[in-house]
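The values are calculated or read from the model by the stated rules, or taken from the named source; none is laboratory data. Values in this document were obtained by computation on a predicted structure and should not be read as measured data. In this analysis, Cβ positions are derived from the backbone assuming ideal geometry, glycine residues included, and neighbour counts consider all displayed protein chains. The accessibility values were calculated without ligands, DNA or RNA, using every heavy atom of the protein model including side chains. Shrake-Rupley method; radii C 1.70, N 1.55, O 1.52, S 1.80 Å.
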Amino acid sequence: MNTDGPNNTFIIITIVFGGIALLLACVGIGTPNWQSAQAVINGQSYVISTANFFYACRSNLNGTAMNCIHRSDNRNINQYYPINARWNQTEWNQHLDNAAGLCIVGIFFIFVGTLTTLLMCVENLATWIYLISPTGLFIACLFMLAGMAEGAYVLYYNDYAANLYQTAHLLTILSFLVSCIAAGRIFSFPDLKQYDIPIRKM
């Protein structure tokens with residue numbers, strides 16, 4: 001094993017944070033509640049529309065049933081993405097396509113970075129292998145941020161699904177930090193027992 005007590009702790013923390021980030025990101029990207037709008041109907045507040053990067057839903061007049069449409073089926077999305085979406089629908093769809101792709105790539109690199117953290121437990125590997133985990137998590141942070149920024153051209157992030165993905169982004173940053181610490185310790189503090197350095201008595 002390539003880990004002492006502190007290194008083992010850092011690796012476990014990276015895996016735990018990365019695993020939670022992966023779960024939250026997957027749930028967040030798959031649920032429609034990134035943007036939602038509410039209205040008061042018969043004295044009660046109802047959610048009348050929700051949207052994410054892939055599809056959007058609108059309720060009927062009494063606020064009960066939701067009618068959903070995927071952008072892949074209908075690129076005419078004006079009625080489903082009504083909140084301050086700028087420019088024309090071709091550009092709206094392009095921003096949402098880019099956002100969806102970037103966020104999914106970010107999720108992939110969370111998985112790669114978290115899984116390859118286990119390689120830090122193996123000794124006598126090539127030096128560059130210990131950099132896979134921090135590099136993967138760093139790339140995940142960049143893609144996740146770029147995806148959220150691209151989607152913000154069209155959507156307001158005002159509901160729980162966006163919060164889940166943003167929390168996943170924060171946990172990915174923390175995983176990246178702890179992974180860097182673990183990798184740095186492995187580089188800086190090799191196993192000194194293998195050198196059998198004699199102790200000189202004064």
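Figures for the structure shown
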item	result
Within segment 83-162, chymotrypsin sites (Phe, Trp or Tyr not before Pro) in DSSP loop having at most 12 other beta-carbon neighbours inside 10 Å	Trp87
Inter-centroid distance (Cα atoms) of segment 103-180 relative to segment 16-42, Å	17 Å
Accessible area in the full protein assembly, largest first, 1.4 Å probe, for Asp73, Asp159, Asp97	Asp73, Asp97, Asp159
Area of Ile12 that stays accessible when all protein chains are in place (1.4 Å probe, Å², to 10)	90 Å²
For Ile48, residues with placed amide H under 5 Å, excluding near neighbours	Ala37, Gln38, Ala39
